[in-house]
Amino acid sequence: MEKMEHIILESENNERIDKIISTMNAEWSRSQVQQWIKDGHVKVNGKQIKANYKCTINDQIVIDIPEPEILDVQAEEMNLDIYYEDGDVLVVNKPKGMVVHPAPGHLTGTLVNGLMAHCKDLSGINGVLRPGIVHRIDKDTSGLLMVAKNDMAHEGLVNQLVDKSVTRKYFAIVHGNVPHDYGTIDAPIGRDPNDRQRMTVVDNGKHAVTHFRVLERFNQYTFIECELETGRTHQIRVHMKYIGFPLVGDPKYGPRKTLSIGGQALHAGILGFIHPRTKQYIEFEAPLPEEFEKLLIELKR
């Protein structure tokens, strides 16, 4: 059972305990948290409490996160855009709007559902909800993902992510005119203490590095390529906002007045890695989605 601790901040003073905990992880529903509290998995200052407990600054919350229930995730026939497949790995181009893996309360329509119908053999290392998933991209980010079809491949691909040897290049459109042709953002990322569903640059965050280069400048926007050295949650979105150039269409980190593209203008276009069995480097490139291309054309006018 995983344990998580949290000290109540000034911004959380007088907030309900169930509300605070449910914002710590986007996959935790409030009703799920309330059940944890009822079952005694949550303590405040060493004591069990009720879901309507109002927190006080410096309260110490300890959560014993229960093991996830074994859920019945069904295979669903989908028209997946498969770029490569063999007995060990698979590379798929995920469309914008598709969630990568199921979560309690959202068990259908995900990439995992489609993968389960496409191939019967996926690595089980990440459990029933995330079979074969080595890394992921946000729902409204399109692009390439590598998937493991057995545990050997899974461990090999994860080790490459840890070693920072996987090539992951993204294309993005940002607000503003980026002045430098090239740049590196080296700034730690962690949860926003004022909004637990957002990430931000914080001193005690996890090491995060993004390299970028300008591909084309427009009057009020810039088309860039970003290469990930690390893979933190929302890394490119957070880093570009941090240096003053938030992504176009980003509902969480961008300005309210933005161009319409149905989510952030971000595409995982290039993916390269060493095949875990053959030890040969392979690389794939997926073209920009149609709506991304149309937006670039409009900006050039």
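The values are calculated or read from the model by the stated rules, or taken from the named source; none is laboratory data. As the structure is a prediction and not an experimental result, all values here were calculated from the model. All Cβ positions, even for glycine, are placed from backbone atoms using ideal geometry, and neighbour counts span all protein chains on display. Side chains included, ligands, DNA and RNA excluded: accessible areas come from the protein's heavy atoms. Shrake-Rupley method; radii C 1.70, N 1.55, O 1.52, S 1.80 Å.
Assorted remarks:
- Here I82 does not qualify as in contact (Cβ under 8 Å) with a residue 24 or more places away in the chain, in a loop (DSSP other than H, G, I, E, B) and open to solvent by 30 Å² or more (accessible area, probe 1.4 Å).
- Taking the criterion of being surrounded by fewer than 17 Cβ atoms within 10 Å (Cβ to Cβ) and within 20 Å of N126 (Cβ to Cβ), the residues of segment 161-187 that qualify are V162, D163.
- Restricting G114, G124 to those that are modelled with pLDDT of 95 or more, in contact with an Asp or Glu (Cβ under 8 Å, 6 or more places away or on another chain) and on the phi < 0 side of the Ramachandran plot reduces the list to G114.
- Pairs, first over 19 Å from D192 (Cβ atoms) and without any contact (Cβ under 8 Å) to a residue 24 or more places away in the chain in segment 13-36, second assigned to a loop (DSSP other than H, G, I, E, B) and open to solvent by 60 Å² or more (accessible area, probe 1.4 Å), C-beta under 9 Å, six or more apart: S31/G105
- Residues within segment 85-99 that are surrounded by fewer than 18 Cβ atoms within 10 Å (Cβ to Cβ) and more than 23 Å from the chain's Cα centre (by Cα), tallied: 3
- Just one of the numbered conditions (1) over 30 Å from P287 (Cα atoms); (2) without any contact (Cβ under 8 Å) to a residue 40 or more places away in the chain; (3) of a type in the set (S, T, N, Q); (4) surrounded by fewer than 12 Cβ atoms within 10 Å (Cβ to Cβ) is not true of N58: (2).
- Filter pass, L215 being among the aliphatic types (A, V, I, L, M) and surrounded by fewer than 16 Cβ atoms within 10 Å (Cβ to Cβ): yes
- Here the condition is being closer than 28 Å to E85 by Cα and loosely packed, with under 15 Cβ neighbours inside 10 Å; of Q220, Q280, it holds for Q280 alone.
- Residue list for segment 1-38, filter: modelled with pLDDT of 90 or more and in a loop (DSSP other than H, G, I, E, B): I8, L9, N13, N14, E15
- Breaking point among (1) surrounded by 14 or more Cβ atoms within 10 Å (Cβ to Cβ); (2) assigned to a strand (DSSP E or B); (3) at pLDDT 95 or above, for G190: (3)
- Segment 119-147: number of residues that are crowded, with 19+ Cβ neighbours inside 10 Å and not polar (S, T, N, Q): 15
- E227 in contact (Cβ under 8 Å) with a residue 60 or more places away in the chain, under 24 Å from G176 (Cα atoms), open to solvent by 50 Å² or more (accessible area, probe 1.4 Å) and not small (G, A, S): yes
- Top-ranked residue in segment 231-247 [being modelled with pLDDT of 95 or more and within 17 Å of I137 (Cβ to Cβ); ranked as most open to solvent (accessible area, probe 1.4 Å)]: H234
- In segment 100-118, the residues that are in contact with a strand residue (DSSP E or B) (Cβ under 7 Å, 6 or more places away or on another chain) and either in a loop (DSSP other than H, G, I, E, B) or open to solvent by 40 Å² or more (accessible area, probe 1.4 Å) (or both): V100, H101
- Test: residue in segment 66-77 that is more than 28 Å from L271 (Cβ to Cβ), loosely packed, with under 12 Cβ neighbours inside 10 Å and free of Cβ contacts under 8 Å to residues at least 40 places away in the same chain: yes
- Verdict on E229 being of a type outside the set (S, T, Y) and within 20 Å of the chain's Cα centre (by Cα): yes
- Matching option when the condition is more than 26 Å from the chain's Cα centre (by Cα), open to solvent by less than 50 Å² (accessible area, probe 1.4 Å) and either over 30 Å from G272 (Cα atoms) or aliphatic (A, V, I, L, M) (or both), among G46, G40: G40
- So K164, is it in contact (Cβ under 8 Å) with a residue 40 or more places away in the chain, outside any strand (DSSP E or B) and either within 26 Å of E285 (Cα to Cα) or under 17 Å from the mean Cα position of the chain (by Cα) (or both): yes
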